[in-house]
Each structure stands twice: as structure tokens, then as C-alpha cells.
Amino acid sequence: MVHERVMEKLSILADAAKYDVSCSSSQSNRKNKDNGLGNAKGYGICHSYTEDGRCVSLLKILLTNHCIFDCAYCVSRKSNDVKRAAFTVQEVVDLTVGFYRRNYIEGLFLSSGIFDNPDYTMERLVRIAKKLRLEENFNGYIHLKAIPGASDELLQQAGMYADRLSVNVEMPTEQSLKLLAPDKNHIDVIKPMEYLKKEIVGHKEEKKLNYKAPLFAPAGQSTQMVIGATQENDMEILGMANYFYDQMNMRRVYYSGYVPISYDNRLPAIGTPVPMIRENRLYQADWLIRLYGFNVNEIVGFDQPNLDLDIDPKLGWALRNMNQFPVDVNTADIELIKRIPGIGFLSAKKIVAARKFKKLVPQDLQKLGIAYTRAKYFLAFATPFQLQKDLTSIQIKDQILDSQKSKYKNDFSNQLALF
């Protein structure tokens with residue numbers, strides 16, 4: 001009977017957790033010790049994915065889907081007529097250990113609705129992580145949600161046991177949050193982010209002085225924004241993400257395309273397609289900002305506030321800046337090579353390393369694994385670039401689109417109004 005009850009809870013609370021996509025485990029390096037259970041390596045956990053791209057490899061659950069808030073975009077809002085459930089602390093501990101021993105999972109991603117108040121909920125999340133670490137000697141990956149409004153003391157304890165903490169900003173702007181979640185405000189989200197940033201930086205400095213100093217959220221903090229529920233453009237969304245990276249030392253910002261779940265006239269109607277292509281373009285732009293040296297205003301601007309849906313952001317930038325090309329990879333700086341469409345972050349490093357030994361030609365680049373059919377339009381070789389150099393940006397775009405095959409091709413269109 002107990003087993004059936006827990007399985008029913010798991011069905012309800014795992015389904016409710018699927019809308020939270022901020023469950024990456026990268027950059028944690030919690031080693032196994034004292035013959036404990038599991039470990040979280042620095043290269044992260046291998047994930048499996050559903051057809052819509054959401055990660056399901058961790059035990060990804062809510063502690064409860066009861067909630068005191070009535071956020072219009074949330075399936076667990078208090079006014080929604082859904083089946084409710086709540087785990088006990090020990091049930092989550094037992095599920096995590098049991099699933100790990102069966103090799104179903106490699107870690108725990110635990111979020112929650114708000115039971116009664118933020119501290120009441122956060123205290124239970126902390127107890128779960130603490131029991132796993134100290135009583136079960138569990139060294140696997142743990143990601144906890146930091147509940148906005150919870151005390152600094154509870155956040156500090158959470159960081160001592162979790163690998164990563166995240167406070168979801170939810171809506172990209174204060175105006176949208178007030179529209180859809182009038183009981184919430186951005187201040188309550190920013191405050192714990194600032195506290196976690198201070199603690200993470202402080203513990204890193206302490207670790208430099210004393211290698212025995214305890215870990216504190218070694219995989220950093222992350223956040224998530226729901227996109228497509230309100231009318232923010234991509235410039236506003238990426239601008240907010242850039243703020244988090246610059247001011248909060250955020251490890252990752254996640255973008256979750258809104259899944260219509262409500263007949264609320266403030267939101268897109270049920271049946272409206274989830275903006276998966278837009279979500280993908282935002283992730284691509286995010287990588288350009290974090291790893292490729294792009295500024296937000298190079299990718300989007302007042303003249304083009306939304307990302308192209310039919311081409312990736314790097315190609316879009318290149319086509320708008322043809323004066324930067326062609327580029328000779330034998331002499332160009334690595335930062336410029338990284339900006340060539342079809343050449344990735346690692347490929348650029350390989351090119352710089354290889355050119356020390358010989359002058360690179362197209363065949364060499366193809367052997368290095370770059371997307372040459374795309375990159376060739378931006379490279380300064382006598383051939384075949386000489387054949388392509390008189391093409392306009394529109395002609396290059398058309399040729400690239402003709403050569404690529406995408407299952408989303410029929411979905412490429414300009415962003416539609418929500419209302």
C-alpha cells in the first residue's frame with residue numbers, strides 16, 4: 001500500500017516538474033568518499049531527452065504541487081483543478097537512493113510549490129539534501145531550487161549540501177510578472193541571487209587559502225525564463241540574461257518555451273504551438289554571448305529586436321556584417337575565426353593549433369570537422385571563395401537554406417502576435 005501511494009505521488013509530481021528545464025549538472029566535481037554512493041564528475045551528468053528537448057535523466061520531481069501562489073502560467077497554481085500530492089522528506093530520500101542503486105538516475109533535481117511560506121518549504125528541501133549527504137553518504141549530483149523569500153540561513157545550508165542552486169526569475173520583465181503573478185515581484189528573486197553570488201565567491205576564495213574548506217554550490221547557480229507567454233522580444237530576454245551573467249555570475253540561464261495550459265485570456269490559447277524554434281535560437285544566442293565573445297547588441301538591436309527563425313544567430317550576424325569577411329584562417333585572430341559560420345568553439349582552437357605546422361587549405365578544414373558547406377562563403381581562399389565572393393548576403397542565405405534539411409523548416413516564420 002505504501003509503495004502504491006508513493007508511486008502515485010511520483011507520477012503526479014514528476015509530471016508537474018517537467019516544465020522546469022534548468023536541470024543541467026555541468027561543472028560539479030563532488031568526488032566519492034568513504035565508500036559512499038555515487039559521484040558528480042566535473043564533466044557533468046549524461047542526459048536523455050524527450051522529443052521536445054527536455055531533460056529527463058535526473059530524478060526530476062517536485063516536493064509538492066500544492067502552492068499558495070496563483071501564477072497564471074504555472075500548472076501548479078492554486079486555482080488550477082489538478083490532483084495534488086506531496087512527498088515526505090524520507091520518501092524523496094528513499095526514491096533517490098533506490099533509483100540510483102537501480103541505475104535509473106545519476107542525481108536529483110528537486111523543486112517545489114510553496115506549502116505555507118518560503119521558509120517552511122525551503123527547510124524541507126534542505127533536510128532532504130542533508131539526509132542524502134550525511135545519512136546515506138550520497139555523493140551524486142543534487143540540484144535544489146532556492147525558494148524566493150527563504151531566509152539567508154536556509155540558503156546557506158542548502159549551498160553546503162547541493163551542487164547547484166537555482167532561483168527561477170520566471171518572467172523576463174517585472175511588468176510581465178506583475179501581469180501573470182501579481183503576488184510576486186522581481187526583488188524577491190534578485191535578493192537570493194545576490195546572496196548566493198556572495199557566498200559562492202566567498203567560498204571559492206576560502207578554498208584557495210584552505211583546500212579543506214567546505215564546498216558551497218560548486219556548480220554555481222542558474223535561473224530560468226519562460227518565453228512566449230508574454231510579449232517580450234528577444235532583445236529584452238537576452239538583455240536580462242546578460243544582466244544575470246554579468247551581475248550575478250550566473251552559470252546558466254535557461255529558456256523554456258511556454259506550453260499553453262490555461263484558458264486565461266492573458267496567455268496564448270491552448271493549442272498554440274510551443275515556440276521550440278525560438279527557444280532554440282535563444283540558446284544559440286546565449287552560447288554566442290557566453291563562449292564566442294559576442295555582445296547582445298551585436299545579435300539583436302532596436303532595428304531587429306527578434307532573432308531570425310530560419311537561420312542561426314551567428315549566420316545572421318555574419319550576413320549583416322559582410323564587411324568583416326572573407327577571413328583567412330591562416331592569419332586571423334581566433335576571436336574572429338570563432339565568428340565564422342560553420343566553425344565552432346573547439347574547431348577554432350584546432351585551426352589555430354594546426355596552422356602552426358602548415359598553411360591550411362579547404363581540405364584541411366574539412367578534415368578538422370567544420371561545416372565547410374556553410375563556412376566556405378566566409379573564407380578567403382583563392383578557390384572556391386573566388387567563385388562565391390560576388391554573392392550578396394541574400395544569395396548566400398538562400399544557398400545555405402537550400403542546402404540544409406531541417407524537420408522544423410515548415411515552421412520557420414516571423415513571430416506572431418500573442419493577442
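Positive end of the dipole of the chain, charges at C-beta (+1 Lys, Arg; -1 Asp, Glu), about the Cα centre: which of Ala72, Ile261, Tyr292 has its Cα farthest in that direction?
Value: Tyr292.
Once you place label points 7 Å from the Cα toward the Cβ at Val89 and Asp183, how far apart are they in nm?
2.5 nm
Return an integer: the convex hull volume of the alpha-carbon atoms of the range 195-339, in Å³ per residue.
Normalising the Cα hull of the range 195-339 by residue number yields 154 Å³.
If you roll a 1.4 angstrom probe over the protein chains with everything in place, what fraction of the accessible area of the chain belongs to carbon and sulfur, to the nearest %?
51 percent
Hey, what's the per residue convex hull volume over the C-alpha atoms of the range 166-223, in cubic angstrom?
68 Å³
Assign unit charges at the C-beta atoms only (+1 for Lys and Arg, -1 for Asp and Glu), then state the dipole size of the chain relative to its Cα centre in Debye, rounded to the nearest 20.
In total the dipole reaches around 1700 debye.
Antiparallel versus total DSSP beta bridges in the chain: what percent is that, nearest 5?
15 percent
Under the 0.36 nm per residue contour assumption, what length would be gained going from the current alpha-carbon distance of Ala14 and Asn306 to full extension?
Gain in length upon complete extension: 101.8 nm.
What is the spread of the Cα atoms of the range 261-343 along each of their three principal axes, largest first, in whole Å?
58, 22, 20
I need the chymotrypsin sites (Phe, Trp or Tyr not before Pro) found in the range 314-377, filtered to DSSP loop residues with at most 13 other beta carbons within 10 Å of theirs.
The qualifying sites are Phe357.
According to a simple spin-label model (label point 7 Å from Cα along Cα-to-Cβ), what is the distance in nm between Lys350 and Met276?
Rounded to a tenth, the inter-label distance reads 2.9 nm.
Taking R0 as 25 Å, what's the FRET efficiency between Asn233 and Asn321 from their Cβ-Cβ distance, rounded to 0.05?
That pair, Asn233 with Asn321, gives E of 0.75.
Under unit Cβ charges (Lys, Arg +1; Asp, Glu -1), what dipole magnitude, rounded to 20 debye, does the range 92-133 have relative to its Cα centre?
My answer is approximately 260 debye.
Could you provide, to the nearest whole Å², the per residue accessible area of the chain with probe 1.4 Å?
Per residue, the chain has an accessible area of 49 Å².
The values are calculated or read from the model by the stated rules, or taken from the named source; none is laboratory data. Keep in mind it's a predicted model, so treat the numbers as computed, not measured. With ideal geometry, Cβ positions are generated from the backbone for all residues, glycine too; neighbour counts draw on all protein chains shown. Calculation scope for accessible area: heavy atoms of the full protein, side chains included, ligands and nucleic acids excluded. Shrake-Rupley method; radii C 1.70, N 1.55, O 1.52, S 1.80 Å.
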